[in-house]
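In what follows, a structure is listed as structure tokens, so that the remarks can point back to it.
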Amino acid sequence: MITRRMLIAAAGLAASALAGAPTFAQETVKVGLIVPMTGPFASTGRQVEAGARTYMAMHGDTVAGKKIELILRDDAGTADQTRRIAQELVVNDGVSVLAGFGLTPLALAVAPVIGQAKIPAIITSAATSSITEQSDYYVRSSFTLPQAAVPVATWATENDIKRVVTLVSDYGPGIDAETWFTKEFTAKGGEIVEAVRVPLQNPDFAPYLQRVRDADPDAIFVFLPSGVGSLFMKQFADRGLADAGIKLIATGDVTDDDILNDMGKPALGAITGQHYSTAHDSPENKAYVEAYKAAYPDMRPNFMSVGGYDAMHLVYAALEKTGGDATGDALIEAMKGLSWTSPRGPVSIDPETREIIQNIYMREVKEVDGELYNVEFATYEAVKDPAKTSDQ
Amino acid sequence: MLTILFDGIAYGMLLFIIAVGLAITLGLMNFINLAHGAFAMAGGYITVVLMNRYGVSFYLCLPIAFLAMAVVGVVLERTLYRRLYSASHLDQVLFSVGLVFMSVAAVQYFMGGQQQLIHLPPELSGRTEIFGIGVGRYRLFITIVCAVLVVALQLALTKTRFGSQLRAAVDDGRVARGLGINVSTVFALTFAAGSGLAGLGGAMGAEILGLDPNFPLKFMVYFLIVVTVGGTSTITGPFLAALLLGIADVAGKYYVPEIGAFVIYAVMVIMLVLRPHGLFAREGGR
């Protein structure tokens, strides 16, 4: 009998120890980073992770008395995995913030999870505009395609480009880019000669490019995911479209800094609009690129990495504002309206839409010290996501 | 117009180089090797690594890719494939699809998931005007290489002693063995040639088709279409099928871009309804 009583007492002790555990765990704030680290979009995941870790290396791992712990998980780019991992992170690991999401469907998959757990999800990569409308707990640290496409259209009309053929990948972001480019471009008096949509799994651009050439526009506007973009650039140069006087204008995905240098000569002269270039000239970016290169000498920070970097900044700044209160509602409230100077330039979070407001830079691919860079030459300041502002 | 025709031909030729190895193993050896695309991918990666890390010339990479994949082909044939020659087609399919997934994962692990890029020598890039038709130089190069290959393969199969031995071994292995033909060597060499051609095709295709770990899955459908439409009993069958599909694909995407991606499948369906055994197959032939 005594032994049984002792067992019960032991069990009671264990239970109280367990119950005590969460208060102890409050001292660390866990951030769950879910990105594709394998599969065709692995480069996105690697860049986001590198950006986030660089932030922690530069700013330490404690803020407002809390220790920040980054938990990295690979969803291999499939949405059901993203959701399962998100659930595990929330339930088993007790994360306070989720971040990552390489593609639009992956970001959308966690909407029910964050809604129930009431914790913020910071989108570091996915760029379809509508995601943040699906839950009040989404915040975006990357960009939206309309945000990048509209300034490109504005720039085109201001620079004597009158007739344009659009060529986009036939999926969500591609159609976003096409729609918003067309809207802005035609509103400013430009003419879309033709709109070509290319299947996502497209082996050969030859027929599409020939079609563009025969339409003889002033420029071709392109959105393609970055890997495919590099193939496109080569074929664009090979087919002599540049020699035929057709300019290449695009969103920055096509001249992704991560692989730009491998594209070689064909990329030279391409004009793109985006929120971040490795070559951005500011002290913040110099420090960032230096710290990044020290940790990842083989990689070059691209727009995905800066999404990861600023996601961590959001977490740090929000915790500072709440004085260490890591409950989801407090954090999301704190994130709204935050503004800071990122390596990409001045940014802020729109309190109404939870979208990032940032400068969009026009860049041209140039050779600098033997390497290819997107060199910025014009700036559109404090661009909001046009898909949301024009609705109001 | 003629430029489109030329692009179509070049694209078809490229498909042919990659698919002909499959036609050989499938038609002549009656083995369904869905891992064929993995050999092509490996050939492509060999080229990328040699060119980008060791600065080997592109022209040298092509034969190296061919030979390396031929050697790999022999090794795999001796160790794995030969056990499945007499197995059912389903077993062969399951086995080779398994190989595909392993190759995808292996490449992912060692090379990463991103697109690999190669830089062609300057004389192959850009475009020339020939009789007023704009012609991509690299595409011209592909067309020439492929034309030479077709003639060589056709001659090798019909005119050489090895060709007759191979056809004898396929038609009736036991009798061929009785006549003193070393059937297993013949099969090993044939398999090597098929794998080598895949490697060569992958190396040449890296520039136009792109190269990432999902290559074997992405293009499996195209190879299979070429082989099914062309039939597997000749070399000319898949050759004409590849040309037809290449031209249909390119022309379809040029003239009706909205449905361009489906044209190739429509052509396949029509061809299979009209000639269910392939373009040139005899009724009841293999």
- Note on the structure: Karplus ³J(HN,Hα) for region A:189-196 (6.51 cos²θ - 1.76 cosθ + 1.60, θ = phi - 60°; Hz, whole; x = Gly/Pro) runs x, x, 10, 8, 6, 7, 10, 9
- Note on the structure: Computed ³J(HN,Hα) along region B:165-178: with the Karplus parameters 6.51/-1.76/1.60, θ = phi - 60°, integer Hz and x for glycine or proline, the list is 4, 4, 5, 5, 5, 6, 5, 7, x, 5, 4, 4, 5, x
- Message: Can you compute the charge dipole magnitude of chain A about its Cα centre, using +1 on each Lys and Arg Cβ and -1 on each Asp and Glu Cβ, nothing else charged? Give it in debye, rounded to the nearest 20.
- Response: 1040 debye
- Rounded FRET efficiency, nearest 0.05, which uses the C-beta distance separating A:Thr28 from B:Val221 and R0 of 45 Å: 0.35
- Message: I'd like the orientation of helix B:36-54 relative to chain B: the angle between its Cα long axis and the longest Cα principal axis, in ° from 0 to 90, rounded to 10.
- Response: 50 degrees
- With the full set of protein chains present, the residues of region B:206-247 whose 1.4 Å probe accessible area falls by 30 Å² or more relative to the chain alone are B:Glu207, B:Ile208, B:Asn214, B:Lys218
- Which of A:Gly32, A:Val165, A:Ile360 sits farthest toward the positive end of the charge dipole of the protein assembly as shown, with +1 on the Cβ of Lys and Arg and -1 on the Cβ of Asp and Glu? A:Gly32
- Note on the structure: The convex hull of the Cα atoms of the protein assembly as shown, divided by residue count, gives a volume in Å³ per residue of 199 Å³
- Task: Between A:Asp176, A:Asp350, A:Asp214, find the one with the highest GNM mean-square fluctuation for chain A; connect C-alpha pairs within less than 10 Å.
- Result: A:Asp214
- Query: Of the accessible area of region A:147-206, with the probe set at 1.4 angstrom, what percent is carbon plus sulfur?
  - Reply: 49 percent
- Query: Can you list the residues of region B:127-173 whose accessible area drops by at least 40 Å² going from the chain on its own to the full set of protein chains, with a 1.4 Å probe?
  - Reply: B:Arg127, B:Arg139
- Rounded to the nearest 100 Å², what's the accessible area chains A and B bury against each other, both chains counted, probe 1.4 Å? 2600 Å²
- Message: Taking a cut-off of 23 Å, what percent of all Cα-Cα pairs in region B:10-213 are separated by more than that?
- Response: 47 percent
- Set of lysines with alpha-carbon distance to B:Lys253 below 30 Å, sequence-local pairs under 8 removed: A:Lys162, A:Lys183, A:Lys234, A:Lys247, A:Lys265, B:Lys218
- Message: Only four residue types carry charge here, +1 at the Cβ of Lys and Arg and -1 at the Cβ of Asp and Glu. Report the dipole size of the protein assembly as shown about the Cα centre in Debye, rounded to the nearest 20.
- Response: 2560 debye
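Can you tell me the accessible area per residue over region B:10-213, all protein chains present, probe 1.4 angstrom, in square angstrom? Let's see the in-between values first.
Numbers: 8520 Å² over 204 residues.
Normalised by residue count, the accessible surface of region B:10-213 is 42 Å².
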- Message: Compute accessible area for region A:31-51 by itself and then with all protein chains, 1.4 Å probe, and report residues whose area falls by 30 Å² or more.
- Response: A:Gly39, A:Pro40
- region A:228-309 - charge dipole about Cα centre, Lys and Arg +1 at Cβ, Asp and Glu -1, debye rounded to 20: 200 debye
- Query: What longest range of chain A stays clear of loop-exposed GluC sites (Glu not before Pro) (DSSP non-H/G/I/E/B, at most 13 other C-beta within 10 angstrom)?
  - Reply: A:28-351
- Largest-first semi-axes in Å of the equivalent ellipsoid built from the Cα gyration tensor of chain A are 43, 20, 19
- Message: Check which residues have an amide H placed less than 5 Å from A:Val63's amide H, if you skip close sequence neighbours.
- Response: A:Ile68
- Item | Residues of chain A: accessible area per residue with a 1.4 Å probe, Å² | 38 Å²
- Query: From the residues B:Leu28, B:Ile130, B:Leu62, which one has its Cα farthest along the dipole of region B:10-213 in the positive direction, the dipole being from +1 and -1 charges on Cβ of Lys/Arg and Asp/Glu about the Cα centre?
  - Reply: B:Leu28
- Task: Take the alpha carbon atoms of region B:163-180, find their center, do the same for region A:52-104, and report the distance between the two centers in whole angstrom.
- Result: 63 Å
- Exactly which trypsin sites (Lys or Arg not before Pro) in region A:136-218 are in a DSSP loop and have at most 16 other Cβ atoms within 10 Å? A:Lys162, A:Lys188
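The values are calculated or read from the model by the stated rules, or taken from the named source; none is laboratory data. Please read these numbers as outputs of a predicted model, since none were measured by experiment. A quick note on method: Cβ atoms are made from the backbone with ideal geometry, for glycine too, and the neighbour counts reach across all protein chains shown. Quick note on the areas: whole protein, heavy atoms, side chains included, nothing else; ligands and nucleic acids left out. Shrake-Rupley method; radii C 1.70, N 1.55, O 1.52, S 1.80 Å.
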